[in-house]
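What follows is a short report on a single structure.
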Amino acid sequence: MTFKAMPRRGMVGLVLLLAGCGGPAAVRTPHTARVPGYQSSGGVSCVPYARARTGIELRGDAWEWWDAAAGRYQRGARPANGHVLVFGRTRRLPQGHLSVARRVSGPREIRVDHANWAEAGGGARGRVAEDQPVLDVSAANDWSALRVWYPPIQDYGNTVFAAQGFVSPRFI
């Protein structure tokens, strides 16, 4: 039977079968029950929000927290409740970003609270979003590549963000 003669249902099955071939196994998106959206519009950015929530006394842009924490606070590649997730500096995040880990939901998902994870149009700028899923999509399961829940679409965004790691509020 040629591809042209193959019934449509058979073609779809073949395409789905072949789609599973090659490359690393895909990270499965965990089931997420209703996730709350933005909680308040306090007009705060992620740095003072993370500082107030954790007591970590670091200054500078969000991306600078990773290096600034060296020798002062414990740092690591694994999430824990109350630790600050430090996003790297990118063209899309020129100042980086900070989120506070609220809870570990699974080996590849945490829930975070963060401020100023704004909509593209700026409508949510300065708002606080609580209990938001963050998904580890790194090949090594090391939390270096992340997808973040985006309340306006009630799903994970398409962008994969680089992360530097987690800063603990505990001193060294």
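The values are calculated or read from the model by the stated rules, or taken from the named source; none is laboratory data. Small disclaimer: the values here were computed from a predicted structure and weren't measured. Note that we place each Cβ from the backbone using ideal geometry, even for glycine, and neighbour counts take in every protein chain shown.
Below is a table of values for the structure above.
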| read-out | value |
| --- | --- |
| Criterion: out of contact with any strand residue (DSSP E or B) (no Cβ under 9 Å at 6 or more places or on another chain) and in a loop (DSSP other than H, G, I, E, B) - qualifying residue of N158, N141, N81 | N141 |
| Residue among V167, V128 that alone is surrounded by 14 or more Cβ atoms within 10 Å (Cβ to Cβ) and modelled with pLDDT of 95 or more | V167 |
| Residue among P30, P94, P24 that alone is in a loop (DSSP other than H, G, I, E, B), within 21 Å of the chain's Cα centre (by Cα) and either under 19 Å from P169 (Cβ atoms) or modelled with pLDDT of 85 or more (or both) | P94 |
